[in-house]
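See below for the structure under consideration.
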Amino acid sequence: MFTEGGYTVTKDEFKADAILVNTCSVRDQAEQKALGKMGSMVQHRKKRPHVVYGFMGCMAQSRGQELFQNVPHLDVVVGTQKYHKVFEYVDGILQNRLERRMDDLKLTYKGDHICDIDEEKDSQNTIKDHVKETTDPTAFVSIMQGCNMKCSYCIVPDTRGRERGRPIQDIVEECESLVARGVKEVTLLGQIVNLYGRTEFPKVDGKSPFVQLLEAVHAIEGLERIRFTSPHPIGYRDDLVEAFTYLPKLCSHIHFPMQSGSDRILKLMRRPYKNEKFIEICKKMKAARPDMAITTDIIVGFPGETEEDFEETVKCVKELEFDNCFVFRYSQRRNTPAADMLDQLSEKVKEDRNQRLLAVVNEIAQRKNNALVGTVQEVLCTGPSKNNPNTLNSRTPQNKIVILEGNPDRLVGKVFKAKIHECTGFTLYGTPIIESLEEAE
Ligand code: 5AD
Ligand code: SF4
């Protein structure tokens, strides 16, 4: 919207005329970071009084007006169903300030206070085209918003509202336009992707709307890889497992949040499945695709989690041998049932469990990565590596990072084979197999 309105994107906050901070509320740490960043940016106003500041996203949605008290220089707060209005608000303030500046240089350091956090029917259909001009071969596509679950620790239902899916045709058109701009891999995004469209669109031939969507996206010529995140054990049915047997563009990786390996804790979390069910789905996925990588999210230190509960989680991590786990220390969130549970654990216990689980996770992940040394993997080269711009980043279908050396003009945006010759920690190093590249060309 801003690009269409004549703006350009800058990576340098000191040059920006408008600064929007898109926020996450899932854990308190993320909110504190966003507040700290916004607070420190007031310095730009002193030199450039017209700069417009805004908060968007989940924290904007859940804190609303209250943010203006904490951050006096803030101008706009835009909630999760109102992204399409951001341009209008920001541009309005900016034009106004620039006009006033002509005859009045003493602008105040206080912000304008525009707050729009209402719900809006069908606003999910306005979330598209995350990237207008891209040179990236990979892109994210939002297929839905909101979540109808009520996990007792989670703030998302409060900040994102109820599940709302975009029509299949809209999503396909967005993917097609990305492919026309050189994108080779899309990741379909939603809070619970496998439940996509369940309230809006019917099943066809026993296939859920999500599987219908996967088939439609799969049919796009020029698109080489499809990923999605995140699925939930609820509604993870055989049609989705089977999709992996006949849709080869689906990558052999799922990020499948488990949260806990203890049934007692899952129940307190209001996660409506048992550990056995979670394991069963993982096994089916590995049967459908023997090279399937599974990664997960786990919360440690949920209120009332005993040492035995924690050990059950560790046991399950060892049994399933996840390729990677994101381990989170439980964080109390406002207006969630778990925040009021009596048996809150100390930070010390949470940290201790976090470290112990990470040690198990890392040992498994490194063992699995080491086993790849000497093998040939198919990779998509995504661009220069951040740490060392002389090398290139690429990803296997299992979403493992492989660092390559080679000519970016020849390799970036291509899918080819690479021989893995080294592994350090989570990173693999490979050499492109030029014949496979010639075949791809
Ligand atoms: N505390 C800690 N972790 C949380 N997550 C969600 N809510 C909380 C919370 N209150 C984690 C879950 C989820 C991931 C995105 O964030 O594991 O899958
Ligand atoms: Fe939050 Fe649970 Fe919904 Fe995931 S499924 S967004 S954890 S409420």
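The values are calculated or read from the model by the stated rules, or taken from the named source; none is laboratory data. Predicted model, so just to flag it, every value in this text is computed and none were measured. So basically every Cβ, Gly included, is an ideal-geometry build from the backbone, and we count neighbours across all protein chains shown. Remember, those area values only see protein heavy atoms, side chains included, never the ligands or the DNA or RNA. Shrake-Rupley method; radii C 1.70, N 1.55, O 1.52, S 1.80 Å.
Pop a pseudo-label 7 angstrom from the Cα along the beta-carbon direction at both residue 66 and residue 242 and give the gap in nm to one decimal.
So the label points at residue 66 and residue 242 sit 4.8 nm apart.
What whole-number value in Å² describes the accessible area per residue of segment 221-291 for a 1.4 Å probe?
Result: 43 Å² per residue.
Around residue 5, under 11 Å between beta carbons, what's the net of Lys plus Arg minus Asp minus Glu among the other residues?
Neighbourhood net charge equals -3.
Quantify, in whole percent, the carbon and sulfur part of the accessible surface of the chain (1.4 Å probe; protein heavy atoms only). Mind showing how you got there, number by number?
Working: 10710 of 21160 Å².
Looking at the chain in its full context, I get 51 percent from C and S.
So what are the three principal axis dimensions of segment 258-337 from its Cα atoms, in whole Å, longest to shortest?
Projected onto the principal axes, the Cα atoms of segment 258-337 cover 41, 24, 20 Å.
Project the alpha carbons of segment 1-151 onto their principal axes and report the range along each, largest first, in whole Å.
Between the extreme Cα coordinates on each principal axis of segment 1-151 lie 52, 35, 27 Å.
Go through the cysteines of the chain and tell me which have no other cysteine Cβ under 4.7 Å away.
24, 58, 115, 147, 175, 251, 282, 316, 325, 381, 423
For the chain, what is the mean residue ellipticity at 222 nm derived from helices alone (per DSSP H run of n ≥ 4: -39500 (n - 2.57); sum divided by total residues; nearest 500 deg cm²/dmol)?
Details: 15 runs with 154 residues, N = 441.
Taken over the chain, the calculation gives -10500 deg cm²/dmol.
Please state the relative contact order of the chain as a whole percent: Cα pairs under 8 Å, 6+ residues apart?
So the answer I get is 10 percent.
Can you give the Rg/Rh ratio of segment 152-258, where Rg is from the C-alpha atoms and Rh is the Kirkwood radius?
Reported Rg/Rh (Cα atoms, Kirkwood Rh): 0.96.
How high is the relative contact order of segment 337-441, in percent, with contacts defined as C-alpha pairs under 8 Å that are six or more residues apart? Let's see the in-between values first.
Numbers: 160 pairs, mean separation 24.5, N = 105.
Relative contact order of segment 337-441: 23 percent.
Can you work out the accessible area per residue across segment 1-150, with the rest of the protein chains kept in place, probe 1.4 Å, in square angstrom?
On a per-residue basis, 54 Å².
With a 10 Å radius around each residue's Cβ, average the other Cβ atoms per peptide and rank 69-80, 300-311, 345-356, highest first.
Final packing ranking: 69-80, 300-311, 345-356.
Below 14 angstrom from the Cβ of residue 21, what's the summed charge of the other residues (Lys, Arg +1; Asp, Glu -1)?
Working: positive: 33, 37, 63; negative: 13, 31, 75.
Computed value for this residue: 0.
Quick one: which residues, 5 or more positions from residue 19 or on another chain, have an amide H under 5 Å from its amide H? H modelled 1.01 Å from N in the peptide plane, none for Pro or chain starts.
Under 5 Å from the amide H of residue 19: 52, 53, 54.
Over the chain, what number does the Rg to Rh ratio reach, with both radii from the alpha-carbon atoms and Rh per Kirkwood?
Numbers: Rg = 23.3 Å, Rh = 23.9 Å.
Reported Rg/Rh (Cα atoms, Kirkwood Rh): 0.98.
On a full-extension model of 0.36 nm per residue, what is the gain between residue 391 and residue 100, subtracting their alpha-carbon distance, rounded to one decimal in nm? Let's see the in-between values first.
On the way: separation 291, 0.36 × 291 = 104.76 nm, distance 4.87 nm.
Extra length from residue 391 to residue 100 when fully extended: 99.9 nm.
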